[in-house]
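The values are calculated or read from the model by the stated rules, or taken from the named source; none is laboratory data. A quick note: this is a predicted structure, and the numbers were derived from the prediction, not measured. Here the Cβ positions follow ideal geometry from the backbone for every residue, glycine too, while neighbour counts run over all protein chains shown. All accessible areas refer to the heavy atoms of the entire protein, side chains included, with ligands and DNA or RNA removed. Shrake-Rupley method; radii C 1.70, N 1.55, O 1.52, S 1.80 Å.
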Amino acid sequence: RGVGWGFRKLQKAVVSTQSTGLFAMPETRIGFFPDAGATFFLSRLGDLGMYLAMTGQRIRGFDARHLGFVTQFVESGKLPTLREDVVKCSSEQDLVDCLISHDQSEGQPEFSLNNNLLEISKTFSASSALEVVRRLEESGSKFAQDTLKTFSVMSPTGLCLAHRTQTLSRSLDFTGCLRMEANIAVKTFGLGEFAEGVRALLVDKDNDPKWNPPSLEEVKDDVLDGVFENYKSDDWQPLP
């Protein structure tokens, strides 16, 4: 449901419940990178955004509120009352006041990744995807081992693409991020990783992708440089 979160950039209010608000962008598992605006809103989370982009970690319920992905949190049982009051609103300010009055953020659980934030900062602040892996290997913590296990099924090229897009987008505005996504997506499709990832996960469903190259160490910088060449250009063309 990552694409929907890209649209939230254009919205002033986003409401979540404990059972909705699922966020996940596991594009690295299909040889791609988090797009649809994710280069913008994840990069604003710094190292935590890099972690979410590379791992595709799922975020549910109140965690979305902690991350700023939603503006209000409402228990699902209270939604009928919220709907009744929303339709009575006659102005934007009425709507804002209504949502604030229904917000149940106080007293909700703490962020589920709180205990891992320090390690996320230490590892995902690395200057490359390969260095992220090396830091996780050196750590040896349960969190690090779980993350490495997640990486083991990901496309090495996808991990590198996710890392570089997140790094570059920190200096781009929203339009610049969308422009970069469009420019590099076309070139990424030409690498063949996306097609293989979709085949393994969604078509044949054998969950056995044959990544090329099969390891981070074998991902060539010149290949990545080619993908990101002129990534700020306005003169991009869609696939025929």
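Got at least one residue in region 108-124 being within 30 Å of Cys160 (Cα to Cα), at pLDDT 85 or above and touching a Gly at 6+ places or on another chain (Cβ under 9 Å)? Checking region 108-124: at least one residue is within 30 Å of Cys160 (Cα to Cα), at pLDDT 85 or above and touching a Gly at 6+ places or on another chain (Cβ under 9 Å). Here Arg29 fulfils each of the conditions (1) among the basic types (Lys, Arg); (2) at pLDDT 75 or above; (3) more than 24 Å from Leu191 (Cα to Cα); (4) outside any loop (DSSP other than H, G, I, E, B) apart from (3).
Residues in region 198-211 that are open to solvent by 70 Å² or more (accessible area, probe 1.4 Å) and either more than 19 Å from Phe151 (Cα to Cα) or among the basic types (Lys, Arg) (or both): Val203, Asp204, Lys205, Lys210.
Table: residues versus (1) closer than 11 Å to Gly31 by Cα; (2) at pLDDT 85 or above; (3) among the aromatic types (Phe, Trp, Tyr).
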site	(1), (2), (3)
Arg134	no, yes, no
Glu138	no, yes, no
Arg164	no, yes, no
Phe174	no, yes, yes
Ala182	no, yes, no
Asn207	no, yes, no
Glu217	no, yes, no
Pro238	no, no, no
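Within the set Gly56, Gly68, the sole residue that is under 14 Å from the mean Cα position of the chain (by Cα) and either basic (Lys, Arg) or within 30 Å of Pro214 (Cβ to Cβ) (or both) turns out to be Gly56. A Cβ distance below 7 Å, combined with a sequence gap of six or more or placement on separate chains, defines the contacts here; from region 97-121, residues that are farther than 14 Å from Gln18 by Cβ reach residues that are aromatic (Phe, Trp, Tyr) and surrounded by 13 or more Cβ atoms within 10 Å (Cβ to Cβ) in the pairs Asn116/Phe143; Glu119/Phe143; Ile120/Tyr51.
Here region 219-236 is the region considered, the condition is being among the hydrophobic types (A, V, I, L, M, F, W, C) and at pLDDT 80 or above, and the residue that is surrounded by the fewest Cβ atoms within 10 Å (Cβ to Cβ) is Val223.
Based on this model, can you work out whether Ala195 counts as in a helix (DSSP H, G or I), open to solvent by 60 Å² or more (accessible area, probe 1.4 Å) and in contact (Cβ under 8 Å) with a residue 60 or more places away in the chain?
Here the answer is yes, as Ala195 does meet what is asked.
Only a single item in (1) open to solvent by 60 Å² or more (accessible area, probe 1.4 Å); (2) assigned to a helix (DSSP H, G or I) is not met by Glu110, and it is number (2).
Within region 137-183, track down each residue that is among the aromatic types (Phe, Trp, Tyr) and in contact (Cβ under 8 Å) with a residue 40 or more places away in the chain. Scanning region 137-183 gives Phe151, Phe174.
May I ask you to verify whether Arg83 is free of Cβ contacts under 8 Å to residues at least 40 places away in the same chain and over 19 Å from Gln57 (Cα atoms)? Here the answer is yes, as Arg83 does meet what is asked. Ala64 fulfils the conditions (1) open to solvent by 40 Å² or more (accessible area, probe 1.4 Å); (2) in contact (Cβ under 8 Å) with a residue 12 or more places away in the chain; (3) within 19 Å of Ser16 (Cα to Cα) except for a single criterion, (1). Summed over region 119-163, the residues that are of a type outside the set (A, V, I, L, M, F, W, C), part of a helix (DSSP H, G or I) and open to solvent by less than 60 Å² (accessible area, probe 1.4 Å) give a count of 11.
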